[in-house]
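The values are calculated or read from the model by the stated rules, or taken from the named source; none is laboratory data. Keep in mind that this is a model prediction, so the values were computed, not measured. Backbone-built Cβ (ideal geometry, glycine too); neighbour counts: all protein chains shown. Heads up: the accessible areas ignore ligands, DNA and RNA and are worked out on the full protein's heavy atoms, side chains in. Shrake-Rupley method; radii C 1.70, N 1.55, O 1.52, S 1.80 Å.
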Amino acid sequence: RTRYIQTELGFHERLFVAVLTSKATLNTLAVAVNKTVAHHFPRLLYFTGLRSAKVPHGMVLVAHGDERPIWLMYETMHYIHQHFGSDYDWFYIMQDDTYAQAEQVKALVTHLSINQDVYLGRAEEFIGGDEQARYCHGGFGYLISRSLLLKLHPHLDSCRNEILSVRPDEWLGRCIIDFLGITCVSQLQGQHYHTYELAKNTEPEKEEEEEFQAALAVHPVSDMTLMYRLHKRFSRIQLDKAYQEIQDLQMQIRNLTSLTPAGEAGLTWPVGINAPFLPKSRFEVISWDYFTEQHLFSCPDGSPKCELSGASKADVSEIIESALEQLNSRYQPLLRFSKRQLLNGYRRFDPTRGMEYTLDLLLEAVTQKGHSHVLAKRVSLVRPLSKVEIIPMPYVTEATRVQLVLPLTVQDLDFVANFLDMFAMNTLDTHDNALLTLLFIYHPYDAQRVSQVDVFAGVKAMVGELEKRYAEVKIPWISVKTEVPSQVKLMDIVSKKHPVDTLFFLASVWTEINMEFLNRCRMNTISNWQVFFPVHFQEFNPALVYRGEQTASSGTDFLRDGHFDRHSFAEACFYNSDYMTARTKLAADILDRDEVLESMEVFDVFLHYSGLHLFRAVEPGLVQKYALRSCNPRLSEELYHRCVLSNLEGLASRSHLAMALFEQEQANST
């Protein structure tokens, strides 16, 4: 389980950031810090003495109940040690009137050894104190190592009682010096902590000093507007540096290309980006999607033409704007281009490099003398794949109990025996932590005759045999009478009969349960965070695929003769608490219009009425034998159409269908 190696081996996160604020500046400067640099740090908390009635959105605030500066510093250091001392290697403490370059601070800690006691910042002399001793000025932020924090914590109470100071940064510096003998430094292990002190009425846009551009922290920041202006200025500085580094690297690549075996022919475009994917057969060719400024001719729902909207429209607009910007930067001042019309647009996603675009633009070119000319020009652009980010996820384990829910109708009776056999073999025999609940769906006509003829009597007998064979196992069932077996209505009944912390696996009768999938169900479903909708592998009709020949052996080719059924949403893993929360929002939206539920599945409930991540992925552990599903026409048109498509696409592949038609024509012709 490589995903949890870091946690299980006790590795630490790298950097924790604490921002000291106050009730007066919480809704101004602290908000500015949160909007500019907070999202660049892995973990950031705000500490204040007293809090206002309403905490700004998106900010994690800790209030100590006392505005005295020394008390705030003491309580903050104590809180950091208690809650985060064993989780992080570095602790960066700053004020809300400080602008910190987050990326530079993160880069700084990657170059420092965690084995030393580090107290790093802008070193200042104590007033009337020892000339050799220095404290770190709080306005410019300072860095403390984990080892220093652990050594300092036992002395915090003594420092609070014995050291008198007006400034909290001086108090902390004196505490560290008196009890640990460590002074603040501005340079350590070859790394410099650069700072810049802002003068009054400073114009960040006009600051060109090298000291300003190299600063990790800037102080004092008097208002929110100045904070945003500083952020814009430093972002531009970093962007210009990045572009210059890219140009330098591209030049080096061009110079070295001539020394490679391929020579100049081996130089790819854009320079430094992976070469396009080269297909080895016609089946691997990546197709281009055609678009105009109004329409897309490759639509998600399969229709030939749809309106260009949302993210796709923003993508096309940005690409056209970028193309014009690049053309003008290359040909100005001799020519200046403006767009008349997008004649043709093509795009495709290349997994080796990113999104590729080809645009045919109708442009108007204006010379320096004012002469204009209309011309068509083809441009190619690439939006390369950016740096991959690992999204932190809550910790889960395989020990969670899974509650299987199996809805059954009369049409499913032929497949129940195989389902129960696989459940017994792969969960009961292996003592997997999984339970099963059956949901018998009676048609009103069958429900009236249940005392004379119970259509599910055979299934109940099978359950009884299982309970005899496994004495510790109980398989309950729930009987429901309905003509329209809505997935949401059925789940409402099951949800009320189980605790809120239950992990449900909503199964279908064709599902073959196995331990591998159940573990993935546990790992991919996270309470209050993520739900899992696996895409099962559907085997093709053996009569069409093999045509009387021997079926494929169950080896490495067990996923060969079939497809992943993207039209089916029958299987789902989710927590009862998450379902109940989403279902409550749905109920408030539809009021008493229960007929709306007949057009919805559980997937739709989570998609439209929860803020959770919906993880939809192919699942090789869920393999279903071919069976012609019974599509209920009483359900909504969309659900019925999806069921029919699932049946049709599950018959066979195009090559198998073509071969069957060919053999049929051959037989008819003879």
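Descriptive notes on the structure:
- Rounded accessible area per residue of the chain, 1.4 Å, Å²: 55
- Summarising the amide proton neighbourhood of residue 23: residues at separation of 5 or more, or on other chains, whose placed amide H is nearer than 5 Å comprise 49, 50.
- Amide H contacts of residue 505 (H built 1.01 Å from N, in plane; Pro and chain starts excluded): 403, 404, 405 sit under 5 Å, all sequence-distant by 5 or more or on other chains.
- Amide H contacts under 5 Å for residue 564: 538, restricted to partners 5 or more places along the chain or on a different chain, H placed in the peptide plane at 1.01 Å from N.
- Helix-only arithmetic for the chain: the sum of -39500 (n - 2.57) across DSSP H runs with n ≥ 4, divided by the residue total, places the mean residue ellipticity at 222 nm at -10500 deg cm²/dmol.
- Chymotrypsin sites (Phe, Trp or Tyr not before Pro) lying in DSSP loop within the range 349-411, provided at most 11 other Cβ fall within 10 Å: 395
- Peptide packing: for 574-580, 234-240, 470-476, the average count of neighbouring Cβ atoms within 10 Å per residue gives the ranking 574-580, 234-240, 470-476, highest mean first.
- Contact order, relative form, for the chain: 8 percent (alpha carbon pairs under 8 Å, 6 or more residues apart, mean separation divided by residue count).
- Pairs spanning more than 29 Å between alpha-carbon atoms, out of 206/387; 305/339; 313/369; 54/206; 232/585: 206/387; 313/369; 54/206; 232/585.
- Of all lysines in the structure, the ones whose alpha carbon falls short of 16 Å from that of residue 460, not counting any fewer than 8 places away in one chain, are 468, 474.
- The phi-based Karplus calculation (6.51 cos²θ - 1.76 cosθ + 1.60; θ = phi - 60°) puts the 3J(HN,Hα) values of the range 360-373 at 9, 10, 8, 10, 10, 9, 10, 7, 5, 8, x, 6, 10, 8 Hz, whole numbers, x for Gly and Pro.
- Listed by chain and number, the lysines whose C-alpha is less than 22 Å from the C-alpha of residue 625, apart from same-chain residues fewer than 8 away, amount to an empty set.
- Solvent-accessible area, 1.4 Å probe, carbon plus sulfur percent, for the range 5-230: 49
- Solvent-accessible ranking of 205, 364, 649, largest area first, probe 1.4 Å: 205, 649, 364
- Computed 3J(HN,Hα) for the range 41-55, one whole-Hz value per residue from the Karplus formula 6.51 cos²θ - 1.76 cosθ + 1.60 where θ = phi - 60°, is 8, x, 8, 9, 10, 10, 10, 9, x, 10, 10, 7, 5, 10, 7, glycine and proline marked x.
- Evaluating 6.51 cos²θ - 1.76 cosθ + 1.60 at θ = phi - 60° for every residue in the range 592-602, the Karplus couplings come out as 9, 7, 5, 5, 5, 5, 5, 9, 10, 10, 4 Hz, glycine and proline recorded as x.
- Highest to lowest packing among 261-269, 37-45, 19-27, scored as the average C-beta count within 10 Å: 19-27, 37-45, 261-269
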